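To start, the structure itself, in structure tokens.
The values are calculated or read from the model by the stated rules, or taken from the named source; none is laboratory data. No experiment lies behind these values; they were computed from the predicted model shown. Ideal geometry is used to build each Cβ from the backbone, glycine not excepted, and the neighbour counts take in all protein chains shown.
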Amino acid sequence: MENQNLNLLDRALGLDGPSEPWPLSGRVVLIEDCVETSGSFVLHQLVKRSLSPTSSNVIIFVAFANPFSHYDRILRKLGCNLVTQRDNKRFIFFDMLMLRCPDEGKSSEGGLVLLYEKILKTICGLPGDKKDYVTIMIDDISLVEVAANGGSDYVLDFLHYCHALTSEFDCSLITLNHEDIYSSMERPTLILQMEYLADILIKAEPLSTGLATDVHGQLTVLNKGTSHRLGRSGNKIHNFHYKVKENTVEYFYPGSRV
Amino acid sequence: MADTICRTLRDGGLEGEHAPALTIKDSKASPFGFDVFNYVLTQLSNYILAGKSQSRGLVVVAYSRSPSFYVDLLKRRGIDIASSHDWIHILDCYTDPLGWKNWLIDKDISQEASSLSSFCQDVRNLDKLYSLIIEQGKGLIGQGKDRFSIAIDSVSEMVRHASISSVAGILSNLRSHDQVSSIFWLLHSDLHEIKFTSVLEYLSSMVASVEPFNQAAFGQRVDLENLSMLEQNFRKGKFHVRFKRRNGRVRVMCEEILVELAGIKFTPVLSEDEIINQRLLPKVQFNLQLSEEERNERAKVVLPFEHQGNGKPIQIYDGRRSLGENKEEALVSTGKLQPDEDSGKGQIIYFRDSDDEMPDSDEDPDDDLDI
């Protein structure tokens, strides 16, 4: 049953096929959510899939939102032991909760340059066979902006350099951002730029019909199929509902649940 | 029409004239600008290689993709630049645009440039960038009167690091350089103020906009009704091009874009009827379309008098004039049919109670009631 539920999101992301080469290699995934529908469950599901025994992925998890114990607790319920993965050097955790740049603009940039350097060095320091299977996850971009004292230009520069890593090392970049933070802005440049950068856009939003007890929200997965090393795979859009439960997440097409 | 753009870039500019400049602009609702850019890049490359264009070389200023991306792209289109690249050079503003790699303590991590591409590590300095572009271009074409073309893959990225006026300045200078044959760039219009987009449009001799196929679907929360429209928006789009002729005349053309596995395709716009039929008809199990015979029958139906629209003035018999007074009027109360209608279908026959009856007025007929 659980495998079947995973497949709807996995199918949309192309993860239901063979795990090597990793379908998300060299691709940028953006998860957008809002207050009513948090998208962190998508991030957790991707962590779990990336660390499955059949794949060789290494995750560099840059955490601005929560400490390691938070993710450990959640992933344990999903059937994944992050402590073991951390010890096996498959899950590398960057605790960025205390990153606070001083007021000067230059130091904000400096802080992000150092973070980029840390990521780059970590990738370069991996053994040869693992270097091609890196996934960088950032939770979440709005907090990176806070850490940079609102310097969204620096955040964009940082994201650009991370994007360059996907090209240089064929790694994947998965980020989370909150769409409603920027909804009052006339021109929400940061989130728009991120949408342009992304190859796959996963949007978690409430139903157009409002609240429901059996359905927590809907996911729209837009796979842009931008030119990838394997050639275009075509633009595809998937839409389905979900319900977040204690130990799993159920995904289903509208009206298919009894 | 997209080919018209490519031909205009291929032909370049006359002596003493500014080089033709193309702005490709798109938005989040229809993000195919980069596909169009790649299409133009490939076409121009083919013309250069075949010796059919005014320019002998191409400088690609790469902000949003790595040089290897363009190598792969052109290779997939049958142009192998890895082995022979004396006609193309890629200025790499993507890998290290701000020189962050210079800040790194461990220099071993930095990359090396190749003969096909060179780094620009300070995209904030547009004067330096201008010199680099011209230097690379001249390096491709050598001494003499030959010219080269320039492609900038994201002016949106360029303006993030510099002011609007300096970006406008560099584009204008490149356009007016006597060794530049043609220039084109990509812009994401929703990232900027209208002022910036307008400035670039004024600088361009051609503006190609990519617009969503279904405008209404954009911006709404996804539901079953707009999902298919959204899906369509990510496979199709509209392509509007505005050409500014030398004589000052402006010409606007339109095409449709189809994004496929192999790349982007441009097709002529369908007629209005076909578009309406395609878009408005929901997918159901019964036939909502009319056959030819049904269409003819429908055309023969006589509509109620006020909708006949046969060109004659519509007169409503109000009961005050005699019937014989004006025979040319269309008097429905006589029950006469129009001479060109031959089927006796429904008609409204109204007989006034008497000729004394006043025509309908604003008075309330119940006014005489004593309530």
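Worth a mention:
- In region A:90-125, the qualifying residues are those that are of a type in the set (Lys, Arg) and at pLDDT 90 or above, and the one that is farthest from A:THR166 (Cα to Cα) is A:ARG90.
- Region A:34-83: number of residues that are among the polar types (S, T, N, Q) and without any contact (Cβ under 8 Å) to a residue 40 or more places away in the chain: 4
- Residues in region A:164-176 that are buried (at least 20 other Cβ atoms within 10 Å of the Cβ) and in contact (Cβ under 8 Å) with a residue 60 or more places away in the chain were compared, and the one that is nearest to B:THR95 (Cα to Cα) is A:THR166.
- Scanning region B:253-270 for residues that are away from chain A (no Cβ under 14 Å) and among the acidic types (Asp, Glu) yields a count of 2.
- Taking region A:1-48 as the range and being modelled with pLDDT of 90 or more and in a helix (DSSP H, G or I) as the test, the residues that pass are A:SER40, A:PHE41, A:VAL42, A:LEU43, A:HIS44, A:GLN45, A:LEU46, A:VAL47, A:LYS48.
- Checklist (1) surrounded by fewer than 18 Cβ atoms within 10 Å (Cβ to Cβ); (2) under 30 Å from B:ILE194 (Cβ atoms); (3) touching a helix residue (DSSP H, G or I) at 6+ places or on another chain (Cβ under 9 Å) applied to B:CYS6, failing item: (1)
- Any hit, region B:201-221, residues being in contact with a strand residue (DSSP E or B) (Cβ under 8 Å, 6 or more places away or on another chain) and without any contact (Cβ under 8 Å) to a residue 12 or more places away in the chain: yes
- In the set (1) within 23 Å of A:ARG187 (Cα to Cα); (2) within 14 Å of chain B (Cβ to nearest Cβ); (3) surrounded by fewer than 18 Cβ atoms within 10 Å (Cβ to Cβ), the condition left unmet by A:GLY150 is number (2).
- Strands (runs of 3 or more DSSP E) fully within region B:105-214 counting 1 or more residues that are within 14 Å of chain A (Cβ to nearest Cβ) and more than 31 Å from the chain's Cα centre (by Cα): B:117-119
- Flag for B:GLY99 being under 23 Å from B:LYS128 (Cα atoms), small (Gly, Ala, Ser) and either free of Cβ contacts under 8 Å to residues at least 24 places away in the same chain or surrounded by 20 or more Cβ atoms within 10 Å (Cβ to Cβ) (or both): yes
- Residues in region A:166-177 that are within 12 Å of chain B (Cβ to nearest Cβ), outside any loop (DSSP other than H, G, I, E, B) and of a type outside the set (Phe, Trp, Tyr): A:THR166, A:SER167, A:GLU168.
- Only listed residue being on the phi < 0 side of the Ramachandran plot and in contact with a Pro (Cβ under 7 Å, 6 or more places away or on another chain), chosen from A:LEU97, A:LEU114: A:LEU97
- Note on region B:223-252: among residues that are in a strand (DSSP E or B) and either of a type in the set (Gly, Ala, Ser) or more than 21 Å from B:PHE34 (Cβ to Cβ) (or both), the one that is nearest to the other protein chains (Cβ to nearest Cβ) is B:GLY237.
- Pairs are defined by a Cβ separation below 6 Å, a sequence spacing of at least 6 or placement on different chains, a first member in region A:130-156 that is under 14 Å from A:ASP95 (Cα atoms) and touching a residue at least 24 places away in the same chain (Cβ under 8 Å), and a second member that is assigned to a loop (DSSP other than H, G, I, E, B) and of a type in the set (Gly, Ala, Ser); the pairs so defined are A:ASP139/A:ALA65; A:ASP140/A:ALA65; A:LEU143/A:ALA65.
- Matching option when the condition is more than 10 Å from chain B (Cβ to nearest Cβ) and farther than 18 Å from A:SER38 by Cα, among A:ASP157, A:ASP199: A:ASP199
- Qualifying residues in region B:47-68 (those that are touching a helix residue (DSSP H, G or I) at 6+ places or on another chain (Cβ under 7 Å) and of a type in the set (A, V, I, L, M, F, W, C)) - the one nearest to B:GLN136 (Cα to Cα): B:VAL59
- Given (1) over 16 Å from the mean Cα position of the chain (by Cα); (2) buried (at least 18 other Cβ atoms within 10 Å of the Cβ), number of the condition A:ILE200 does not satisfy: (1)
- Matching residues in region A:117-137 - criterion: being away from chain B (no Cβ under 14 Å) and under 23 Å from B:GLY99 (Cβ atoms): A:ILE136
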